[in-house]
Structures are given as C-alpha cells and as structure tokens.
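Presented below is the structure to which this report refers.
The values are calculated or read from the model by the stated rules, or taken from the named source; none is laboratory data. Given the structure is predicted, the values throughout are model-derived calculations rather than measurements. In this analysis, Cβ positions are derived from the backbone assuming ideal geometry, glycine residues included, and neighbour counts consider all displayed protein chains. All accessible areas refer to the heavy atoms of the entire protein, side chains included, with ligands and DNA or RNA removed. Shrake-Rupley method; radii C 1.70, N 1.55, O 1.52, S 1.80 Å.
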Amino acid sequence: MKDPVRVAVTGGAGQISYSLIFRIATGEMLGHDQPIILQLLEIPPAMDALKGVIMELNDCAFPLVTEIHGTDNPEEAFYDANYALLVGSKPRGKGMERSDLLKANGDIFSVQGKALNDYAARDVKVLVVGNPANTNALIAAENAPDLNRNQFTAMMRLDHNRSLSQLAQKTGTLVTDIDGMMVWGNHSSTQFPDLSHATVKGQAALDLVDQDWYENDFIPTVQKRGAAIIEARGASSAASAASAAIDHMRNWVSGTNGQIVSMGIPADGSYGIEPGIMYSFPVTCDNGEFKIVQDLEINDFARERMQATEDELRSEREAVAHLL
Ligand code: NAX
C-alpha cells in the first residue's frame, strides 16, 4: 500500500464540499490505491456543521481514509498538505459590489496563501474553486513566494465540461466523441468557450453547427450557466462543481493522455496574454505538470473575446493590488 497523502479542503461544511470530500475519499481524485489524510478547514461559526460532515465521513468507513482532521486554523489545515482545494469563500451579500467581494475574499486568500507558503508540502498542488476563483488564486500565489506560481491553479473545468455537454447535445453525440474543447480567460460571464479547434468524431465542430448557434446560443449558455442553475435549483452549482474539481486535480496529477483540458493558470505570455493574471488556457498534463497547447490559430472573433476576458482579469487584479 502507498503512504497516505494529505488533502486539505477549505469550506469543508459548504455545499460543494458535501459532494467533493466524499468523492475524494472514495479515490476518484487520486486513485483507488492512494490512502488519504483529510484536513478540513472552516470558519468558527461553521465548526459544528463541519463536525457533522466528519461524523458522516466516519460513518462511510472509507477504506482509503486513514485520518480526518477538522480545524478553523489554516496553518493546521495546510500542514504538510500535498493537495489543497480552496473551496471556502465569502458569498456575495446583498448590496455588495463586485469590488467588495474581491476585497472580502482577497483577505481570505492572502492569509491562506501565506499559510500554504509556510506549512504545506513543498510540492503542494493548489486548486482554487472559491470565487472570484482566478483572482483568488493569483492572491494566494502572490502570498506564497517560496512556492512556484505553477503550483496554483483556478477552476475552469466546470466551464469546460459545460461546453462539452452543450456541444454533445447539439450534435447528438457523446462528450467522449469531442476533442479540442477549450475555454479561455476568467471564470465569469466574460469567459470564452471556443469551438474553433473542437472536433466531433474527427470533424470540425464549426462545420456541424451554424455560426448563429455558436455565437448566440452556445457561448452565452456556457457563460451564464451558473446563473441558470441558481434560477432552476434555488442554489448554486454544487455536485457539478465538485465533479469538475475532481477532474481538474485527477488530470493534473495523473495526466490527460494528450487530451486538451482548460485550466486557470499563471499567464506566461502565450497567445499574447500578459503575465500577471490567472487566465484559463488549453493545456495538456503529464508527469504532474500542465503545459499550454501552443501554436493554435487565433482568428479575429476569438482574439476579441480573449482580450475582453483578459481585460476583466486585469481590472480584478487592480482592485486587489494592495494584497499582491
Ligand atoms: P457554501 O456557501 O455552501 O460553502 C462555502 C463554505 O466556505 C461555508 O461553509 C463557509 O463557512 C466556508 N468559508 C468561508 N470563509 C472561509 C474561510 N476563510 N476558510 C474556510 N472556509 C470558509 O458555498 P459553495 O456552494 O460550496 O461554493 C463555494 C465557492 O465555490 C463559492 O465561492 C462559489 O462561488 C464557488 N464556485 C466556483 C465555481 C467555479 O467553477 N470556479 C463553480 C461553483 C461555485 O459557484
């Protein structure tokens, strides 16, 4: 049997975690032969609820889970952590401006970045799910100077998976028939789900759907899917977000076998996106590392949308500049 690894999850009593932690515990993220120590972080008012989650985890008697710790101290939660999923964040309250939200969460993610820097395993892999995910990931990375920036990522996989599902439904195919899907930019309504490199059973996706559907149906549906779920369910996406977090981490750790996936990662100048923001790129993963897919042709339609979402990330960065 392998040695256990430490998996930290923040917001452990929240709705995403209620699905996520249980799936991590069954081995869906790191493999069915990988024992796990769970280190769950919450804020003091949610510690009772976290206790309840831990009671349920214990009641599952998961064979892979060797220890479970619940704490309201980030240093304990990230102690020696090999993987950290930062899900907990402050929801947007009534009358709260986006800049207020950025600030409230910025404070959380600067504290957590520092704690990761000082206490996590040196090769920790960090996924930020809590919104605004890309900018929160940037703040955490900037507050962890002893770690490599590329150890920090933001979740775009839900947007990617939503795009796969929309295209599969439209073309009457399976998501597994699709290659080359990618979502660029920010996890927000400016994101750009791009079909120009996608194929369905080897055929160019844009030869199978018309431009009107692409521009006026597909793109806005994916961009606004989060709001549509809230409208229908009365609560925000939870199980699908947890599933996307599992996919993101599993692929980062175990590879994508050449398949393209979308990840929010530190921009490195590729495709003219200026460094200094966490931007979603098409990547492949191998040996525990992601690599941006290079040399894709970018047409004017795509360039304009890639720029708009980059501009939004730059303005988010400005709003939290004091935390970087
Ligand atoms: P919930 O409000 O159900 O849970 C959040 C939990 O985080 C709460 O239990 C809260 O007590 C805890 N928390 C707050 N501050 C904390 C801190 N400083 N340290 C530790 N825990 C803290 O939200 P949930 O539905 O689980 O969503 C969590 C986050 O994911 C939200 O920010 C949400 O907007 C974001 N999402 C991101 C997605 C993405 O694709 N990147 C999609 C789904 C989701 O909307």
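For the chain, the longest principal axis of the alpha carbon atoms and the long axis of helix 98-119 meet at an angle near 60°. Rounded to the nearest 5, the antiparallel percentage of DSSP beta bridges internal to segment 5-154 is 0%.
A Förster radius of 25 Å, combined with the Cβ-Cβ distance separating LYS2 from ASN257, puts the computed FRET efficiency at roughly 0.70.
Extents of the chain, taken as max minus min of Cα coordinates on every principal axis and listed largest first, are 52, 43, 39 Å.
So for the chain: antiparallel DSSP bridges make up what percent, rounded to the nearest 5? Before the final figure, lay out each step's value.
Working: 19 of 42 bridges.
In the chain, DSSP labels about 45 percent of beta bridges as antiparallel.
Solvent-accessible area of the chain (1.4 angstrom probe, protein heavy atoms only): carbon and sulfur portion equals 48 percent.
A simple count of charges around GLY113, restricted to other residues whose Cβ falls under 13 Å of its Cβ and scoring Lys, Arg +1 and Asp, Glu -1, yields -3. A cut-off of 5 Å between modelled amide H atoms, ignoring neighbours fewer than 5 places along the same chain, links MET156 with GLY264. Rounded to the nearest 20 debye, the dipole magnitude of segment 5-154 is 520 debye, with +1 charges on Lys and Arg beta carbons, -1 on Asp and Glu beta carbons, and the Cα centre as origin. Taking a Cβ cut-off of under 11 Å around ALA77, the surrounding Lys, Arg, Asp and Glu residues balance to a net charge of -4, with basic ones at +1 and acidic ones at -1.
Normalised by the residues of segment 18-110, what does the relative contact order come to in percent, with Cα pairs under 8 Å and at least six apart?
Contact order relative to length: 28 percent.
Average projection, convex hull of the Cα set of segment 5-154: 8.2 square nanometres. With contacts taken as Cα pairs under 8 Å at a separation of at least 6 residues, the chain carries a relative contact order of 17 percent. For segment 195-204, 3J(HN,Hα) computed residue by residue from phi via the Karplus equation (6.51, -1.76, 1.60; θ = phi - 60°) reads 9, 5, 10, 7, 10, 10, 6, x, 9, 4 Hz, glycine and proline entered as x.
If you sort HIS32, HIS187 by accessible surface, 1.4 Å probe, largest first, the order is HIS32, HIS187.
In the chain, the DSSP-assigned H stretches of four residues or longer account for a calculated mean residue ellipticity at 222 nm of -12500 deg cm²/dmol, using -39500 (n - 2.57) per stretch and the full residue count as denominator. Placing pseudo-labels 7 Å out from each Cα toward the beta carbon at VAL111 and THR176 gives an inter-label distance of 4.5 nm. Rolling a 1.4 angstrom probe over the protein heavy atoms with all chains in place gives the chain an accessible area of 44 Å² per residue. When the Gaussian network model of the chain links Cα atoms closer than 10 Å, the mean-square fluctuations of GLU289, GLU297, GLU75 top out at GLU297. SER196 contributes an accessible area of around 50 Å² to the protein surface, as traced by a 1.4 Å probe with all chains present. Here the Karplus curve 6.51 cos²θ - 1.76 cosθ + 1.60, taken at θ = phi - 60°, turns the phi angles of segment 26-41 into couplings of 7, x, 6, 8, 10, x, 7, 10, 10, x, 9, 10, 8, 10, 9, 10 Hz, with x standing for Gly and Pro. Round to the nearest 10 and give me the degree value, 0 to 90, for the angle of helix 133-142's Cα axis relative to the longest principal axis of the chain. Tilt relative to the chain: about 60 degrees.
Extension gain, SER196 to ASP80: 0.36 nm times the residue separation minus the Cα-Cα distance gives 37.6 nm.
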